[in-house]
Amino acid sequence: MNDELLARIEREVLGWPGVWKKRDEDGPGGGGVTGYRYRKPQIGHVHDDGHADFSFPRKVRDEVIGAGRASAHPAFPNSRTVASYRIRTPEDVPKALELFRMNYERLKAVAGEARNVNEFGEKTGNGTAKEIEHEVTGWLGVTTGDTSRGGLQFSYGKVELGHLHGDSFADLPFPRKVHDELIAEGRASVHPPLPESGWVRRSMAGPDDTQAVISLFRMNYDRAKAREERRGQ
């Protein structure tokens, strides 16, 4: 393995704000491995033999493998989240950096430092979040705040109605029965980090999505308000 290729990747990745590395001389398989992290989450790691691994949401993982930009992990080919890339030549360096950058931008979006980025690390920035915020905060009793991961949270009293990740997507909690109905109707999708919970996710790509997200927030608002009214009777 050409150490200069790995050095080029390290120089580039460590130049991104917030990225640091953790070296393990006795990694999986007994060889050295260097992990690169944004804050705490890892954006990817490289084995000394030039084998790089990345953990993506399943949809992204399938997309990059399907496009030939990465391959299934050789030791865990059935993994739903891990993709791999072999660095052999100078031409492989920019391709590996693209995968590192995708995870970097995605994690920045989660942290709230690049809110107009979708799960693929692509810029969106269409002002959808502002439109939704303007509508939802106009409902009596709704307040906003930041989530621990940098999203914009909407609450009614102590009840969270849901939160926005920039102009990319909205996450909302529902009773399991409502969760299943929304997904079956195509109004929302499974929440990737919590697939077994009542949380749903709705991506925002256009005007129709804006209204769809507002209607989901309204469902939760009306439910929370009705519950409060029943308690006051």
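A few remarks follow.
- You will find that of L194, L164, the residue that is surrounded by fewer than 18 Cβ atoms within 10 Å (Cβ to Cβ) and hydrophobic (A, V, I, L, M, F, W, C) is L194 and no other.
- Taken together, K95, K22 contain a single residue that is more than 30 Å from A170 (Cα to Cα), touching a Gly at 6+ places or on another chain (Cβ under 9 Å) and not polar (S, T, N, Q), which is K22.
- The test for being buried (at least 17 other Cβ atoms within 10 Å of the Cβ), in contact with a strand residue (DSSP E or B) (Cβ under 7 Å, 6 or more places away or on another chain), farther than 25 Å from A109 by Cα and not assigned by TED's automatic domain parsing to the domain that holds S189 does not hold for I43.
- Spans of helices (runs of 4 or more DSSP H) in region 1-114 with at least 1 residues within 21 Å of the chain's Cα centre (by Cα) and free of Cβ contacts under 8 Å to residues at least 60 places away in the same chain: 58-66, 92-111
- Cβ pairs under 7 Å, 6+ apart, first in region 203-215 and within 16 Å of H163 (Cβ to Cβ), second of a type in the set (F, W, Y) and buried (at least 17 other Cβ atoms within 10 Å of the Cβ): S203/F169; M204/F169
- Selection count where residues are not polar (S, T, N, Q) and not in a loop (DSSP other than H, G, I, E, B), scope region 181-212: 13
- Residue pairs whose Cβ atoms lie under 9 Å apart, sitting 6 or more positions apart in sequence or on different chains, and linking a residue in region 150-176 that is at positive phi and in the same structural domain as E228 (by TED's automatic domain parsing) to a partner that is among the aliphatic types (A, V, I, L, M) and in a strand (DSSP E or B), are G162/A170; G162/L172; G162/V200; G166/V117; G166/L152.
The values are calculated or read from the model by the stated rules, or taken from the named source; none is laboratory data. Everything quoted here is computed from the prediction, not taken from an experiment. Cβ sites come from the backbone with ideal geometry, for glycine too, and all protein chains shown count toward neighbours.
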